[in-house]
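Down below is the structure, laid out as structure tokens.
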Amino acid sequence: MIHFVLLISRQGKVRLTKWYSPYSQKERTKVIRELSGVILTRGPKLCNFVDWRGFKVVYKRYASLYFCMCIDQDDNELEVLEIIHHFVEILDRYFGSVCELDLIFNFHKAYYILDELLLAGELQESSKKTIARLIAAQDSLVETAKEQASSISNIIAQATK
Amino acid sequence: MGSQGGFYQSKEFLDLVKSIGEARSKAEEDRIVLGEIETLKRRISDPDIPKRKMKEYIIRLVYVEMLGHDASFGYIHAVKMTHDDSLLVKRTGYLAVTLFLNEDHDLIILIVNTIQKDLKSDNYLVVCTALNAVCKLINEETIPAVLPLVVELLAHPKEAVRKKAIMALHRFYQKSPSSVSHLVSNFRKRLCDNDPGVMGATLCPLFELITIDVNSYKDLVMSFVSILKQVTERRLPKAYDYHQMPAPFIQIKLLKILALLGSGDKQASENMYTVVGDIFRKCDSSSNIGNAVLYECICCVSSIYPNPKLLESAADAISRFLKSDSHNLKYMGIDALGRLIKISPEIAEQHQLAVIDCLEDPDDTLKRKTFELLYKMTKSTNVEVIVDRMIDYMISINDNHYKTEIASRCVELAEQFAPSNQWFIQTMNKVFAHAGDLVNTKVAHNLMRLIAEGFGEEDDTADSQLRSSAVESYLHILGEPKLPSVFLQVICWVLGEYGTADGRYSASYITGKLCDVAEAYSDDETVKAYAVTALMKIYAIEIAAGRKVDMLPECQALMEEFLASHSTDLQQRAYELQAVIGLDAHAVESIMPSDASCEDIEVDKALSFLNGYIQDSIEKGAQPYIPESERSGMLNISNFRNQDHHEASSHGLRFEAYELPNQTVQSRIPPASLASTELVPVPEPMYVRESYQTTIVPSASSDAGSTELKLRLDGVQKKWGRQTHSSATSTSSSTSQKTVNGITQVDGSNTSNSRTRETYDSRKQHVEVTPEKQKLAASLFGGSSKSEKKPATGHKIPKPSSHVVEKSHARKSSMEIASEKKASFQQPPDLLDFGEPTVKSAAPSVDPFKELEGLLEPTTQVASDENHGSTTAAAKSPDIMGLYTETHAGIYDKDDSDILSGLSNPPVTNMFGGTTSMQVAQSSKGPNLKDALEKDALVRQMGVTPSSPNPNLFKDLFG
């Protein structure tokens, strides 16, 4: 099972955190500090896996962003590496060639996407298309709601003129 | 870029993010965030902020919390937001609460009602959002509130909802298996869901259930095999392809499940051979995901009943991994090797040099993995080389967690395979000296026990040699400064027991050393206590031998100090020492017999020696003792008293352990047995004794008066004290005891080595040069052809000792050539370097906002096929969606019971004779199926996968 997902920038800034196992706020800060210390300093040729407190942390660097996932000892690291890549591909498709800025300013969107990919620490859906469709459905609902809201406010505005 | 989702954010928020990005130090960032928190606090409590504004505030709260600051003041607003009617507001609320709250948070109770309502919503998106929250927030107590609703959703027409409902049930199962145990059949049912996503999600809970209880799921073997076969034949919709592999994530999950089901089951395994062999052949070992599947195949092959052909394929795959340049693949290869050598030990030999390269690698992760492999292949011929290497590595690292692990592994291997006592003692000394404070105290107790009991062979001289060499090395080590406390305890204990045993050292020499220890580590009370007790033993041996005892002056000074010590324990020991010295030889001999640490101590649990006293009291009119279980209506009181006397026994830890069980168990089990079952498993001696002491109380005291109880308890406590090694001077217990290791069993326990005594002179090579490397290889692997007892079986020797080093059975590794390559030409400049400019890679980037674009580039190149698929998908998406829902609706109506029965009793012929069964299905199901079937046939001819879900996919299972 995946215990948490972290996105850290090369400068050690946190871009996204998702915790599937209970960690207190204090522990979270500590985990992030510890892991960014370990991962950011690793050379490019080394394994993408790190031993950490009896867990495994699988990380992968995309441009200036590190995607990290913490898993159990008996999980398949290579698979998790691909789950990360899967996530990135979905982000890419959604944002249209994603960049770190997209994730900084729209981190809540990234959370919504992550929620469709992983649930309760397990891979929930491995089809990009299905995920894209669900997110699109949510977004379109949001859009219509916005339109309605604005038309109502227009009506009100006109009525109160 | 960024515009797509950027519609709600105000300039204020953008500015905040920007300024944090530009912050040059953590302090500056903190200052900005604290300012933001103040602003939010002020605004958020404003009663009439528009919803849209509120939504943004909540997202800002999430941001603040993500940066590690406390945003708890706003949690309640996030909770309120989940109540909102509009989905977009609600969604933000749910997102925030799932990020903010852990499952034990008080506010959760306020959300349960909303969740209940939302689960019933007719908008499936609302339901999905609520289910996401359910997975994170619902705890054991609140499961019943939503459980029926979630179960209902398993039959929801939308597959996204069914999938999430499955995951939610799985989560419930993890949190409280009993709450959903009656619903487990639902997982089986959902396995034949016609949506591959739902089926894939179902594999998660099934995997967990099968891990726990393999046998109840043996009937599913054929179903899993058939699903896996269909997946590998590309019969899933193309959307599930990933880098040209058909649904690899589902394949991996299935292989994991098959590995469990086939373990030790020849019949089940035979059904799997074909499909696993197919995967071996079909896997594309040039892609990362292909290797992930290959690795899972190896794991599966090494777990199921062995098949020579598959083992060969696995060995081939492993050697490809090990020969790869990628560290990830090497890591994976080492892990896989560790799994396979259990079955075919000879395969290690051909990879000796690769393994040694990994051992020498600067990459810590790889190195550790290799140590894990070595640990698995240790035997008495190579134990010296391996343990030496491990200790060297242990000394070189700072990671305490791993240091602890590797230290306990060293100890375990040394105990099991030590070629000589000398070596064993030296190894233990090294481990303790460098990781003494990290190793479990059990390890120390184990070492003491081992020295006391010897290696268990009848050979007494070997045991005494072991002891003398221990004493000698300890005396030597005592000269070093700053030894870990645990190690000192062992040293004191051994010196006390055996310091003078072989007559080489005089009592005054040993006592002098012990006094030095007590003085040098004067702030460590445990060590001092061990030292005093050791002193007492030395003197007792002297007295018993009829020699005259002269206390050294420094020893006397020490005793003076301890007699007035603040620690009652130390005081007690000092007084006991004083008392022992005053006794004559006979008395000393019976209270402290020499070398009796392994003798059993008989404890009269019923305290029959008090019978007379009880009789007297009853005759004098005292009330007879009523066992707690028979006292009606006094539960609370007895409970209270129970706690009370645990407090009296001065052990805070015990107090907690008692509280709960007492109330429930009381009625069934008499307190005496309760107490002892509870406590005895704890290996440390002090607990064992305490358990005796607590059991005494209820059964012995004849009157119910609690003062009486307490009085007696005090007496007992004084006699036996709480510390491990205080000897009992009590007269009440008939068997007098000497420092006992607490573990009373005398037999067993021993490791298997004293017989193998090959001296291996190949110990200290460094593997810089090739010949040396080869030598090392020879010393590591050379013995493997000799018919030695395999390490795997060696580990299984049941040891009575409680020291169990978990053999975490390794895991896996991974790597990808493709992504590695990618990384090299990727690395576009870092856009977000708000701070100082960092070293940029040379890749020219026209549009800086496209910095992550490189990510997908490989996909385009390598997987043009897939990209192609995606573009067409985008173009025709309405079409495909339509198709999807159509087929879906067609099948959904199918009778559930039908599915179930089919699943539990899958016709074996179906999976191979799929066509015939499909034809049957077709005739009964009309044109829809026929179309699909034709398409399927066409597809198989052309070797392409259909892009719409294939309705026949899981039909094969049940015809």
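Rule-based calculations on the coordinates, nothing more; no lab input. In this text, all values refer to a predicted model and were calculated from it rather than measured experimentally. Positions of Cβ are backbone-derived with ideal geometry, glycine not excepted, and every protein chain shown enters the neighbour counts.
A few comments on the model shown:
- Rounded to the nearest 20 debye, the dipole magnitude of the range B:125-250 is 280 debye, with +1 charges on Lys and Arg beta carbons, -1 on Asp and Glu beta carbons, and the Cα centre as origin.
- For the cross-link pairs B:256/B:403; A:13/B:238; B:379/B:775, the ones whose C-alpha atoms lie over 26 Å apart are B:256/B:403; A:13/B:238.
- With 19 Å as the limit on Cα-Cα distance, the pairs of A:128/B:158; B:55/B:136; A:30/B:26; B:18/B:136; A:129/B:158 that go past it are B:55/B:136; B:18/B:136.
- Shape call, chain A: gyration tensor on alpha carbons, a/c limit 1.5: prolate
- Take each peptide in A:81-87, B:307-313, B:164-170, B:217-223, count the other Cβ atoms within 10 Å of every residue, and average; sorted highest first, the result is B:164-170, A:81-87, B:217-223, B:307-313.
- Listed from fewest to most Cβ neighbours within 10 Å, the set B:510, B:298, A:135 follows the order A:135, B:510, B:298.
- q = 0.23 Å⁻¹: log10 I(q)/I(0) that the Debye formula gives for the range B:436-519, counting C-alpha atoms only: -1.16
- Cα gyration tensor category, rounded, prolate or oblate, for the range A:73-144 with a/c compared to 1.5: prolate
- Sorted peptide list for B:38-51, B:20-33, criterion being average Cβ within 10 angstrom, highest first: B:20-33, B:38-51
- Relative packing of peptides B:533-544, B:81-92 - highest average C-beta neighbours within 10 Å first: B:533-544, B:81-92
- From phi via Karplus (6.51, -1.76, 1.60), per-residue ³J(HN,Hα) for the range A:60-70 in Hz, x at Gly/Pro: 8, 9, 10, 6, 9, 10, 9, 9, 10, 9, 9
- Averaged over the residues of peptide A:31-43, the number of Cβ atoms from other protein chains lying within 10 Å of each residue's Cβ is 1.
- Peptide A:106-116 is shielded by partner chain Cβ atoms: per residue, an average of 6 of them sit within 10 Å of its Cβ.
- Tensor-based shape of the range B:232-363 (alpha-carbon gyration tensor, a/c under 1.5 rounded, otherwise prolate or oblate): oblate
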